[in-house]
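Novice: Pasting in a structure now, in structure tokens, and then I'll have a few things to ask.
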Number of protein chains: 2
Amino acid sequence: MGGRAQGGAGRPVVLDAMGGDHGPAETVPGALAAHRDHGIEVLLVGRADDVRRELRRHGGAGEVDVLHADDVVPMAERGSGAAARRDSSLMVGCALARRRRAPLVSAGSTGAVVTCAVRAFGRREGVLRPALAVALPTLTGSTVLVDAGGTADPTAEMLAQFALLGASYARAVLGVADPSVGLLSIGAEPGKGNRLVREAAGLLPGMPVRFHGNVEGHDVLAGTVDVVVTDGFTGNVVLKNIEGCVRTTLDMVAEAGIAPPGRLAEVARLYTADTHGGAALLGLTGTVVVGHGSSRSAAIARACVVASELGADDEPVPAVGRASVGPVA
Amino acid sequence: MGGRAQGGAGRPVVLDAMGGDHGPAETVPGALAAHRDHGIEVLLVGRADDVRRELRRHGGAGEVDVLHADDVVPMAERGSGAAARRDSSLMVGCALARRRRAPLVSAGSTGAVVTCAVRAFGRREGVLRPALAVALPTLTGSTVLVDAGGTADPTAEMLAQFALLGASYARAVLGVADPSVGLLSIGAEPGKGNRLVREAAGLLPGMPVRFHGNVEGHDVLAGTVDVVVTDGFTGNVVLKNIEGCVRTTLDMVAEAGIAPPGRLAEVARLYTADTHGGAALLGLTGTVVVGHGSSRSAAIARACVVASELGADDEPVPAVGRASVGPVA
């Protein structure tokens, strides 16, 4: 790594140059945009020839450091397979990020990034499982959805911890001093929900968060609470459902011929990775942002900005109020 | 019940006049609209004084039959509590619908309607659990979402049956000859999902439906498949998430000042109960349509039309391909 001076206010960011559907063709211009527009130092990890070719194509040769990694994790690779590819841009990037105490950004497959990042960084003290958090725009601000796909089958104790991780993220990224937390369910009344949610609803009042109670599907974008807590299966379905629903609704408006398509694209952009910059993986000793696989350069740049801004949060996470849970007393 | 001649082509419908947030103030004009605009004979069940007062207010005294029921199930009542109220409009309505072999419509709380309807009608032969189905509009047609909230914690065998029930509904209501069925998950590849979905994915290829494989959250409104199968927790969250997301997206378009609000309301209406008419409860020996609690008269009328059109489907449901499942060989 060259002795380049740190470019700007934010922390330097390690970027998996081979991650995502488009690889260096989008990650490289994304890194250049993060550097040029936001003064962020980006360290690109990937096949040096491919990365340098893209850098030259965008007039950025020498502007961003490159670390060579021979191998690439295919998008269809599962987590355990990805972790076995020690020479991949993802694994080399994870190791570099850990050594440099720098945030990592990858638009690789979520499962692969989560598995590799957990192995490289390890969980923060007391954390049972990591969770993905996404900040979704509402009419009045943003709502953090957690878990958006990190842990598909959590326990109630894990859900209760996700509330803490999500609140911490809302404080750091949205600047909300005392975030309210809602538990996603199928009725606002206590006692409504599936087994997992009913059990978690019993734990959350004992946690050090401002627990609002149950919220429902229509509350996610309504700004009812600052943080919506759910399991990684439901959260991932909801996140992708929102993407699809915004698209379909705007297509219907466009078909009705009542708004100019160009202006509708502005609204559509609010719900793409170009704006929200991907999901933060919470609960590890390092900072990790997972971009959407389909990320274009603007989304990559945004993910680098978010990663750079996310403070290192190494404080232990309190255990859930049961004697038997978690390694922390 | 008076000897009134059947009004139109559809089957007569029993309507819980006290159900929903607004009670007779909306159910009575809804019943009159179903009768006047669609020739459907509606039997109103509820507090006769209240119902008759509303009938007079809408110039419909004597136009629709009324059966008195003393009690009302409060919207916050849980399923078992509702079933204990034997003199309620819901329980009296269920009993009447069974005797008359007529469809039942109620905008009461979903849990209460499901519990009471299951007790009154019983499950069809071979059905493990009932499921709620909603037809959602897409750009090119409709997609059936099942289960939209009937069974929050189903087994994989139940999910596999929901696929059959949903396909049967798509044939009956959408007129699709050979509906394709997708399993809602968090990745299109086989093997992606939570434990329940991974198990169900192993059962579905053996079922007598055209199984497409996994679909994701963004596929629900994209028209990828005719039927999207999921558990009642995820399905209910998705359904309400869509309602909220359409509203927020249109509000954002309105705020941007790029489309006339009146025309946007046309798009919004596609995703309200006014248009889709509520959810059908599948798997019982009778026909039951559960309206949204907030239903206004137009939604009630639409629910009556859907209930009247839904054919009685008493055929046994095939068991899932495992020796140990279900009462049917």
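Each reported figure results from applying straightforward, stated rules to the coordinates on display, with no laboratory input. Here the structure is a predicted model, which means the values were calculated and not measured. For neighbour counting, all protein chains shown are included, and Cβ atoms are generated from backbone atoms with ideal geometry for every residue, glycine included.
Novice: Amide H to amide H, which residues 5 or more places from B:Leu282 or on other chains are under 5 Å from it, using H placed in the peptide plane?
Specialist: B:Ala131, B:Leu132, B:Ala133
Novice: Give the angle, between 0 and 90 degrees and rounded to the nearest 10, that separates the Cα long axis of helix A:89-100 from the longest principal axis of the Cα atoms of chain A.
Specialist: Between helix and principal axis, roughly 80 degrees.
Novice: Rounded to the nearest 5, what % of DSSP beta bridges with both residues in chain A are antiparallel?
Specialist: The antiparallel fraction comes to roughly 30 percent.
Novice: Note the distances from B:Arg123 to each other copy's matching label point, with points 7 Å along the Cα-to-beta-carbon direction, in nm, sorted shortest first.
Specialist: 3.6
Novice: Now, a different point. Roughly what angle does helix B:261-270 make with the longest principal axis of chain B, taking Cα atoms, 0 to 90 degrees, to the nearest 10?
Specialist: Between helix and principal axis, roughly 70 degrees.
Novice: With an 8 Å cut-off on Cα pairs and a minimum separation of 6 or more residues, tell me the relative contact order of chain B in percent.
Specialist: 23 percent
Novice: Which far-off residues, 5 or more places away or on another chain, put their amide H under 5 Å from the one on B:Leu67, with H placed in the peptide plane?
Specialist: The answer is B:Leu44, B:Val45, B:Gly46.
Novice: Between B:Ala177 and A:Arg263, with labels modelled 7 Å along Cα→Cβ, what's the label distance in nm to one decimal, could you check?
Specialist: The two pseudo-label positions are separated by 4.5 nm.
Novice: Let me ask something additional. Which log10 I(q)/I(0) values does the stretch A:125-280 give at q = 0.08, 0.13, 0.21 Å⁻¹ under the Debye formula, counting every alpha carbon as one identical point scatterer?
Specialist: Rounded to two decimals, the profile gives -0.23, -0.58, -1.31.
Novice: Same structure again: I need the phi-derived Karplus couplings for the stretch B:47-55: 6.51 cos²θ - 1.76 cosθ + 1.60, θ = phi - 60°, integer Hz, Gly and Pro marked x.
Specialist: Per-residue couplings from phi come out as 5, 4, 4, 4, 5, 5, 4, 5, 4 Hz.
Novice: Under the convention of a label 7 Å out along Cα→Cβ, give the distances in nm from A:Gly141 to the same position in every other copy, shortest first.
Specialist: Sorted ascending, the copy-to-copy spacings read 4.4 nm.
Novice: If you take every DSSP beta bridge fully contained in the stretch B:125-280, what fraction is antiparallel? Give it as a percent rounded to 5.
Specialist: That works out to approximately 35 percent antiparallel.
Novice: Summing +1 for each Lys or Arg and -1 for each Asp or Glu, what net charge is found among the other residues whose Cβ lies under 12 Å from the Cβ of B:Thr230?
Specialist: -4
Novice: Using a label point 7 angstrom from Cα along Cα-to-C-beta, what distances in nm, from shortest up, separate B:Pro208 from the other copies?
Specialist: 6.0
Novice: Okay, next question. Can you pull the mean other chain C-beta count within 10 Å for peptide A:211-217?
Specialist: 3
Novice: Under the definition of partner shielding as Cβ atoms of other protein chains within 10 Å of a residue Cβ, what is the mean value for peptide B:251-259?
Specialist: That average works out to 6.
Novice: Now a separate question. Under the definition of partner shielding as Cβ atoms of other protein chains within 10 Å of a residue Cβ, what is the mean value for peptide B:187-199? Present the calculation step by step, with values, prior to reporting the outcome.
Specialist: Values: counts 8, 1, 4, 0, 1, 4, 5, 9, 3, 3, 2, 2, 0.
Mean shielding count: 3.
Novice: Pull the list of chain B cysteines that no other Cys approaches to under 4.7 Å, Cβ to Cβ.
Specialist: B:Cys94, B:Cys116, B:Cys304
Novice: Next question, about the same structure. If you place +1 on the Cβ of every Lys and Arg, -1 on the Cβ of every Asp and Glu, and leave all else neutral, what size is the dipole of the protein assembly as shown about its Cα centre, to the nearest 20 Debye?
Specialist: With Lys and Arg at +1 and Asp and Glu at -1, about 480 debye.
Novice: Can you give me the long-range amide H partners of A:Asn214? Hydrogens built in the peptide plane at 1.01 Å from N, cutoff under 5 Å, separation of 5 or more residues or another chain.
Specialist: Hits under the 5 Å cutoff: A:Leu183.
Novice: To the nearest 10 degrees, how steep is helix A:232-255 against the longest Cα principal axis of chain A, on a 0 to 90 scale?
Specialist: 80 degrees
Novice: I'd like the distance between the alpha-carbon centres of the stretch B:139-204 and the stretch A:139-183, rounded to an integer number of Å.
Specialist: Cα centres, the stretch B:139-204 to the stretch A:139-183: 29 Å.
Novice: Here is a follow-up. Output ³J(HN,Hα) for the stretch A:154-166: one whole-Hz value per residue in order, computed from phi by the Karplus curve 6.51 cos²θ - 1.76 cosθ + 1.60 with θ = phi - 60°, and x for Gly and Pro.
Specialist: Calculated HN-Hα couplings, in order: x, 8, 4, 5, 5, 4, 4, 5, 4, 4, 5, 4, x Hz.
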